[in-house]
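These notes are about the structure you will find just below.
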Amino acid sequence: MPSYLLLTLHMLSAVVWVGGMFFAYVVLRPTVGEQLEPPVRLKLWVGVFSRFFPFVWIAVALLPITGYMMVFSFYQGFEHAPKYIHIMNGLGIVMFLLYMHVFFAPYKRLKMAVTNEDWPDGGKRLNQIRILIAINLTIGLIVIIAAAAGRYL
């Protein structure tokens with residue numbers, strides 16, 4: 001695969017995932033919290049996540065595939081890769097693990113709570129997701145900084 005295509009897929013995947021988290025956390029969450037009552041708010045978040053998470057799964061697949069292909073194409077492996085590549089890889093793994101936890105634990109429980117109209121439990125699960133997304137967003141922004149500035153440090 002040509003290097004420009006690898007880099008393009010890698011960057012688009014990062015933009016979709018981190019940009020989506022930024023939009024959801026910084027723009028959508030406060031607006032929804034101010035304007036909607038808990039039952040409607042929780043149903044809305046289940047709908048938002050059900051549309052966003054398939055794109056995150058694609059990013060979770062493409063980021064390591066394209067990233068490792070570039071590492072082995074450009075540097076012949078991690079041994080010769082610059083420090084910022086190691087930082088991106090390590091933080092990316094943490095992000096993937098956090099995302100998988102969000103998807104398979106609190107998001108699954110949020111959907112169940114909304115289905116059962118258990119609004120207090122749904123609120124608890126949404127708060128767990130909020131905290132984990134804040135962490136993942138912060139890590140994602142650090143990864144973007146490493147990707148953009150790492151080669152100059």
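Throughout, read-outs are computed from the coordinates displayed, never taken from laboratory work. Fair warning: this is a prediction, and the values are worked out from it, not measured in the lab. Positions of Cβ are generated from backbone atoms using ideal geometry, with glycine treated the same way; all protein chains shown enter the neighbour counts.
Computed quantities for the displayed model
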quantity: Count of the range 1-31 residues which are in contact (Cβ under 8 Å) with a residue 60 or more places away in the chain, closer than 19 Å to Tyr99 by Cα and of a type in the set (Gly, Ala, Ser); calculated: 2
quantity: Test: residue in the range 22-41 that is hydrophobic (A, V, I, L, M, F, W, C) and in contact with a Lys or Arg (Cβ under 6 Å, 6 or more places away or on another chain); calculated: yes
quantity: Tally of residues being aliphatic (A, V, I, L, M) and more than 25 Å from Pro39 (Cα to Cα) across the range 116-153; calculated: 13
quantity: Among residues of the range 124-153, those that are of a type in the set (D, E, K, R), without any contact (Cβ under 8 Å) to a residue 24 or more places away in the chain and farther than 20 Å from Leu42 by Cβ, counted; calculated: 0
quantity: All positions within the range 79-121 that are among the small types (Gly, Ala, Ser), in contact with a helix residue (DSSP H, G or I) (Cβ under 6 Å, 6 or more places away or on another chain) and either without any contact (Cβ under 8 Å) to a residue 40 or more places away in the chain or outside any helix (DSSP H, G or I) (or both); calculated: Ala81
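Here is a yes/no grid of residues against (1) more than 30 Å from Asn116 (Cβ to Cβ); (2) under 18 Å from the mean Cα position of the chain (by Cα); (3) aromatic (Phe, Trp, Tyr); (4) surrounded by fewer than 13 Cβ atoms within 10 Å (Cβ to Cβ):
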| position | (1), (2), (3), (4) |
| --- | --- |
| Gly20 | no, yes, no, no |
| Thr31 | no, no, no, yes |
| Pro38 | no, no, no, no |
| Phe52 | no, yes, yes, no |
| Val56 | no, yes, no, no |
| Thr66 | yes, yes, no, no |
| Gly77 | yes, no, no, yes |
| Ala81 | yes, no, no, no |
